[in-house]
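Peer 1: After the structure tokens below, expect a handful of questions from me.
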Amino acid sequence: MESSIRSFVPPACISLGRYFKKKWLNFSEREKLNRNKLLKNIHKGKRCFILCNGPSANDQNLTALRNEIVISVSSGYNHNGYAEIKPKYHVVPQITFGRFTEEDAIAWFGEMDRCLLSEILFLSSQQYNLVEKSGLLATKHIHYVGMFGDFTGDLCVPSIDKYIPGVQSVPVLAIMIAMYMGFNRIYLLGTDHDWFIKKNYLYAFGPTIFAGKDPGVERDGRMPDLRLADELPIAATIWGQYRALREIAEKNKIKIYNATAGGALDEFERVDFDGLFNR
């Protein structure tokens, strides 16, 4: 629809409309987002590990994280050793509905209700009504994040008590949350991002509630119809968001390291996971 509007509305008016839309959204959800101020810089100067769900995580001794501050994502409670690691935070991206329905989302919330050990859960503000409707996650400390628009080149740490850029991949959201909480060393694990090379979309654990729900992905993770012309623009968007975060980090004296065992992500300095722990 927006493309048809562009044909007769000046670009400046469209930009102004987006500005007021963002301001209105902030106003309507201000109370939920303001609660995030409780988390600002609470881990200032510390390090954290963002544990993502790529298969490479199985090649690493994740139990080394037992005394670290860990942020898990999505269905990360299925990781081997999860109970021993016991991540302090858990991040779930905005849910896109299609094959994955509201009923699926409620079933997923139920799974989180049973399995999550994290003290704090981050959800998209767009899922607020669904959480209320389901009656689930009542025992969890939920912080909602509002996402709108794209990265603009602003080099300030994104403030999750306001709207932050929309994300293409959940690690991007987790990094922004970690920055806001004051971590100055952020280590990424399981950020393989090599689906367009291997032609499969796999996790470090067995089938999840998403099996068969992702367009173009078979239940076993294979992507037989993958074409680079379709996938490379998606990868470019993800890489662009990581680059924006790297530039923000550099400006604010934050180090982001990629401790993933392999994978395609090349925006951050690589470090050896085992070398991060005192023996």
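The values are calculated or read from the model by the stated rules, or taken from the named source; none is laboratory data. Computed from a predicted model, the values in this text were never measured in an experiment. Neighbour counts are summed over all protein chains in view; Cβ atoms, including those assigned to glycine, are modelled from backbone coordinates with ideal geometry.
Peer 1: Would you confirm whether any residue within the range 206-225 is at pLDDT below 95 and either among the hydroxyl-bearing types (S, T, Y) or within 24 Å of L276 (Cβ to Cβ) (or both)? It would help to see each step written out before you state the result.
Peer 2: So in the range 206-225, the residues at pLDDT below 95 come out as 206-225.
Now restrict to residues that are either among the hydroxyl-bearing types (S, T, Y) or within 24 Å of L276 (Cβ to Cβ) (or both): 208.
Yes, the range 206-225 contains at least one residue that is at pLDDT below 95 and either among the hydroxyl-bearing types (S, T, Y) or within 24 Å of L276 (Cβ to Cβ) (or both).
Peer 1: Restricting to the range 138-165, what's the tally of residues that are more than 14 Å from V91 (Cα to Cα) and either part of a loop (DSSP other than H, G, I, E, B) or in contact (Cβ under 8 Å) with a residue 40 or more places away in the chain (or both)? Steps first, answer last, please.
Peer 2: Looking only at the range 138-165, we keep the residues that are more than 14 Å from V91 (Cα to Cα), and these are 138-139, 148-159, 161-165.
Of the ones still in play, those that are also either part of a loop (DSSP other than H, G, I, E, B) or in contact (Cβ under 8 Å) with a residue 40 or more places away in the chain (or both) are 138-139, 148-159, 161-163, 165.
Number of matching residues: 18.
Peer 1: Test I42 against the criterion of being farther than 20 Å from P158 by Cα and assigned to a loop (DSSP other than H, G, I, E, B), and give yes or no.
Peer 2: Details: farther than 20 Å from P158 by Cα: no; assigned to a loop (DSSP other than H, G, I, E, B): yes.
No; evaluated as a whole, the condition is false for this residue.
Peer 1: From the residues in the range 166-181 that are assigned to a loop (DSSP other than H, G, I, E, B) and within 18 Å of T152 (Cα to Cα), which one is farthest from the chain's Cα centre (by Cα)?
Peer 2: Filtering the range 166-181 for residues assigned to a loop (DSSP other than H, G, I, E, B) gives 166-169, 181.
So of that shortlist, the ones also within 18 Å of T152 (Cα to Cα) come out as 166-169.
Values: G166: 10, V167: 7, Q168: 8, S169: 5 Å.
Once the filter is applied, the top-ranked residue is G166.
Peer 1: Related question: Please indicate, with yes or no, whether at least one residue in the range 175-186 is among the hydroxyl-bearing types (S, T, Y), under 20 Å from H90 (Cα atoms) and out of contact with any Gly (no Cβ under 9 Å at 6 or more places or on another chain).
Peer 2: Of all residues in the range 175-186, those among the hydroxyl-bearing types (S, T, Y) come to 180.
From the residues that got through so far, the ones that are under 20 Å from H90 (Cα atoms) too are 180.
Within this subset, residues satisfying the condition of being out of contact with any Gly (no Cβ under 9 Å at 6 or more places or on another chain) are 180.
So far as the range 175-186 goes, yes, one or more of its residues are among the hydroxyl-bearing types (S, T, Y), under 20 Å from H90 (Cα atoms) and out of contact with any Gly (no Cβ under 9 Å at 6 or more places or on another chain).
Peer 1: Oh, and also: Hey, can you tell me all the residues within the range 65-100 that are in a loop (DSSP other than H, G, I, E, B), more than 16 Å from L116 (Cα to Cα) and at pLDDT 95 or above?
Peer 2: Of all residues in the range 65-100, those in a loop (DSSP other than H, G, I, E, B) come to 66-69, 74-75, 79-81, 86-88, 92-100.
Those left that are additionally more than 16 Å from L116 (Cα to Cα): 67-68, 94-100.
Selection gives N67, E68.
Peer 1: So, one more: If we scan the range 216-226, do we find a residue that is surrounded by 16 or more Cβ atoms within 10 Å (Cβ to Cβ) and charged (D, E, K, R)?
Peer 2: First pass over the range 216-226, keeping only residues surrounded by 16 or more Cβ atoms within 10 Å (Cβ to Cβ): 217, 221, 223, 226.
If we keep only those that are charged (D, E, K, R) too, we end up with none.
Scanning the range 216-226 turns up no residue that is surrounded by 16 or more Cβ atoms within 10 Å (Cβ to Cβ) and charged (D, E, K, R).
Peer 1: Still on this model: Right, H193: at pLDDT 95 or above and surrounded by fewer than 18 Cβ atoms within 10 Å (Cβ to Cβ) or not? I'd like the intermediate steps shown before the answer.
Peer 2: Numbers: at pLDDT 95 or above: yes; surrounded by fewer than 18 Cβ atoms within 10 Å (Cβ to Cβ): no.
No.
Peer 1: Continuing with the same structure: Considering L276, L245, which residue is at pLDDT 95 or above, over 16 Å from C52 (Cβ atoms) and among the aliphatic types (A, V, I, L, M)? Walk me through it before giving the result.
Peer 2: On the way: L245 fails: over 16 Å from C52 (Cβ atoms).
The conditions single out L276.
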